[in-house]
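So the structure is just underneath, and the comments pick up after that.
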Amino acid sequence: MLLGLQPVTTDVYLPALPMLARDLAAPMSAAQLTMSALILAFGVAQMFWGPVADRVGRRPVLITGLLLYTAASIGSMLAGGIGWLVLWRVLQGATMAAAVVCARAIVRDLYEPLEGARVMSLALSGLGVIAIAGPALGGVVAALGGWRAALAVVAAFGALTLAFIAWRLPETLLHKNPDATRAGPLLAQWGSIARHPTFIAWTLLVSATYGGLFTILAGSSFTYIDVLGLSPGWYGLAMASGSLSYLAGTFVCRRWIVRHGIRGAVARGGGFTLAGGVLVVTLALAGVHSVWAIVLPQWLFAFGHGIHQPCGQAGAVGPFPRAAGAASALAGFVLALTAFGVGLWLGQALDGTVLPYALGIGFWSVVTTTVAWTLVQRHTP
């Protein structure tokens, strides 16, 4: 549920994004900012929540963060203008960071890196189920009740997650670090983490594969709906089909980790990622501008993402059992900066054709595969 908060926050309202822009008389760049500003706040706030979670524990950070997240979600639903909506989305991103940082740190609290990758893959299979339902549900809700109804679904999920965490989740951090939030030790710790070659390799992998995914998230509604003419409902189903492929990737990931190890799993996943990127660019440049020319490569990329994401999230925090919160926060910050850059680029690059969308996915597929086949292989024990 904690990891699933991220796709709920980003995916459910995707079918309503063009509708939102029209209703609030907002340009495309401003509508994109409701996504990219959320992700930037998500990344920056992790640098705060991670050390705090190492100092006071996971449970108090989760309850505080989820309370604020639910309030921000209600504010987003009631926003009267695009400026207020961006502001509430920033607060959503900042508080969502608490949930995701603690989720990743909890896995490291309880499992060693190799087993942690398998557990993370299992958790992300659950995320995949949520991601499948998100766009489809958002499309139906937006068609029936508009963009505010889609954001009401987000608020309801936040409230449900808060209730479950408060009721059921115990504290998982056995040894709190009283120095975790002191400026001197924290900066020294971040410097040590940032220089670790294993951390660098896995963080680059996760950031690159999410760069491709965020291109899909932030650009797909305009590409499918405005360029290719799909209705919000059919668009939601197209995105759900990609989530099904992602879910299949997480299942295969667990099998490949057992058979080939974490490095072998990522190396094989890179082949699917690269195939998806090359195919979408080739078809776009060849003038094949149809729904299937976007959906099929998206399936390949999503399958690879289902392998890279769990391995990368576990691999980035693996070397730091006593600083899992700080390592998770730093990796999440780099990922969010990548996504923010993608969102800004899309706001300027989308031109009423499929080409910017296709080129973005193609670029990140090449970067992801290069990292998977080089740095990860070289710097993972």
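Quick rundown of the values:
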quantity	calculated
Single residue of 344, 285, 359, 355 found to be modelled with pLDDT under 90, surrounded by fewer than 23 Cβ atoms within 10 Å (Cβ to Cβ) and over 20 Å from residue 202 (Cβ atoms)	344
Condition check for residue 143: surrounded by fewer than 18 Cβ atoms within 10 Å (Cβ to Cβ), touching a residue at least 24 places away in the same chain (Cβ under 8 Å) and not aromatic (Phe, Trp, Tyr)	yes
Every residue from the range 8-39 that is buried (at least 23 other Cβ atoms within 10 Å of the Cβ), in contact (Cβ under 8 Å) with a residue 60 or more places away in the chain and not hydrophobic (A, V, I, L, M, F, W, C)	9, 10, 11, 13, 15, 32, 36
Filtered residues of the range 44-55 (kept if surrounded by fewer than 24 Cβ atoms within 10 Å (Cβ to Cβ) and within 22 Å of residue 83 (Cα to Cα))	44
Residue, nearest to residue 334 (Cα to Cα), within the range 40-71, restricted to residues that are β-branched (Val, Ile, Thr) and in contact (Cβ under 8 Å) with a residue 40 or more places away in the chain	44
Checklist (1) closer than 27 Å to residue 187 by Cα; (2) modelled with pLDDT of 95 or more; (3) over 22 Å from the mean Cα position of the chain (by Cα) applied to residue 371, failing item	(3)
From the options 349, 326, 358, residue that is free of Cβ contacts under 8 Å to residues at least 24 places away in the same chain and small (Gly, Ala, Ser)	349
Conditions (1) in a helix (DSSP H, G or I); (2) out of contact with any Phe, Trp or Tyr (no Cβ under 7 Å at 6 or more places or on another chain); (3) closer than 18 Å to residue 192 by Cα; number of the one not met by residue 316	(2)
Failed item in (1) surrounded by 15 or more Cβ atoms within 10 Å (Cβ to Cβ); (2) of a type in the set (A, V, I, L, M, F, W, C); (3) over 20 Å from the mean Cα position of the chain (by Cα); (4) assigned to a helix (DSSP H, G or I), with residue 214 passing the rest	(3)
Failed item, numbered, when residue 74 is tested on (1) surrounded by fewer than 20 Cβ atoms within 10 Å (Cβ to Cβ); (2) outside any loop (DSSP other than H, G, I, E, B); (3) free of Cβ contacts under 8 Å to residues at least 24 places away in the same chain	(3)
Candidate set: the range 221-260, residues that are farther than 27 Å from residue 146 by Cβ and either touching an Asp or Glu at 6+ places or on another chain (Cβ under 6 Å) or free of Cβ contacts under 8 Å to residues at least 12 places away in the same chain (or both); chosen: the one surrounded by the fewest Cβ atoms within 10 Å (Cβ to Cβ)	259
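Conditions (1) surrounded by 24 or more Cβ atoms within 10 Å (Cβ to Cβ); (2) outside any helix (DSSP H, G or I); (3) at pLDDT 90 or above; (4) in contact with a strand residue (DSSP E or B) (Cβ under 6 Å, 6 or more places away or on another chain), marked per residue:
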position: 60; (1), (2), (3), (4): no, no, yes, no
position: 86; (1), (2), (3), (4): no, no, yes, no
position: 97; (1), (2), (3), (4): yes, no, yes, no
position: 114; (1), (2), (3), (4): no, no, no, no
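The values are calculated or read from the model by the stated rules, or taken from the named source; none is laboratory data. What you see is a predicted model; the values in this text were computed from it and never measured. Positions of Cβ are backbone-derived with ideal geometry, glycine not excepted, and every protein chain shown enters the neighbour counts.
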